[in-house]
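Notes follow the structure.
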Amino acid sequence: MDSFTRNYSIVLGLILVVALGFWIQSSWQPRVWELNDILTSDPKLKEYPYQFKLRSLQNGLAILSTPRNSKIPAYRFLQIIHPELAGKGQADPAMVQAQQDLIDHQKYAQILMLGQPDVERVDWELDVKWLADHGVHGTAGG
């Protein structure tokens with residue numbers, strides 16, 4: 001092996017090791033996994049059709065997934081998990097009840113996370129993947 005090939009292989013190997021290290025550091029989050037276990041095993045949240053998930057935890061800030069925001073209103077999500085609501089207006093009593101149920105579950109997930117000693121705040125991130133998987137598009141910009 002000539003010196004160029006050897007040096008090239010060494011540099012390439014170092015770059016791969018560094019990239020692998022960054023990837024492991026960013027994806028290896030056992031505390032996030034533990035907190036997600038709390039969310040998925042909670043009886044109240046387990047029965048709800050949407051599973052709130054912890055996306056990240058850094059410096060006391062927990063980022064939880066949500067199926068709604070200002071660009072994707074709750075009624076679009078609710079018509080997916082409750083097909084019987086399709087075509088009903090936002091003021092329909094069944095839609096109002098479903099929205100309140102979503103709010104209650106979202107607040108409950110937030111309270112569960114805030115009850116953890118290393119969580120000081122909770123922010124929400126639109127679950128673009130879940131929405132896209134269920135046919136809701138135009139969610140870019142979260």
Requested in this report: Give ALA86, ALA74 a once-over and let me know the one that is within 19 Å of VAL136 (Cα to Cα), buried (at least 18 other Cβ atoms within 10 Å of the Cβ), out of contact with any strand residue (DSSP E or B) (no Cβ under 8 Å at 6 or more places or on another chain) and aliphatic (A, V, I, L, M).
Outcome: ALA74
Query raised in the report: Restricting the search to the stretch 33-58, which residues are of a type in the set (Asp, Glu) and farther than 13 Å from GLN110 by Cα?
Result: GLU34, ASP37, GLU47
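This table checks each residue for (1) at pLDDT 95 or above; (2) in contact with a Leu (Cβ under 7 Å, 6 or more places away or on another chain).
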site	(1), (2)
LYS44	yes, no
TYR50	yes, no
LYS71	no, no
ALA91	no, no
HIS105	yes, yes
ALA109	yes, yes
ASP133	no, no
VAL136	no, no
Report task. Please verify whether the stretch 47-55 includes one or more residues that are farther than 18 Å from LEU131 by Cα, loosely packed, with under 12 Cβ neighbours inside 10 Å and without any contact (Cβ under 8 Å) to a residue 24 or more places away in the chain. Result -> yes
Report task. Kindly indicate which of GLN100, GLN90 is more than 21 Å from VAL128 (Cα to Cα), polar (S, T, N, Q) and outside any helix (DSSP H, G or I). Result -> GLN90
Query raised in the report: Could you count how many residues in the stretch 67-81 are in contact with a helix residue (DSSP H, G or I) (Cβ under 9 Å, 6 or more places away or on another chain) and in contact (Cβ under 8 Å) with a residue 24 or more places away in the chain?
Result: 10
Report summary line: Checked the stretch 103-142 for anything without any contact (Cβ under 8 Å) to a residue 12 or more places away in the chain and not in a helix (DSSP H, G or I); matches are GLY115, PRO117, HIS137
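The values are calculated or read from the model by the stated rules, or taken from the named source; none is laboratory data. Everything numeric in this text was worked out from a predicted model, so none of it was measured. Reconstructed Cβ throughout: ideal geometry from the backbone, glycine too, with neighbour counts over all protein chains shown.
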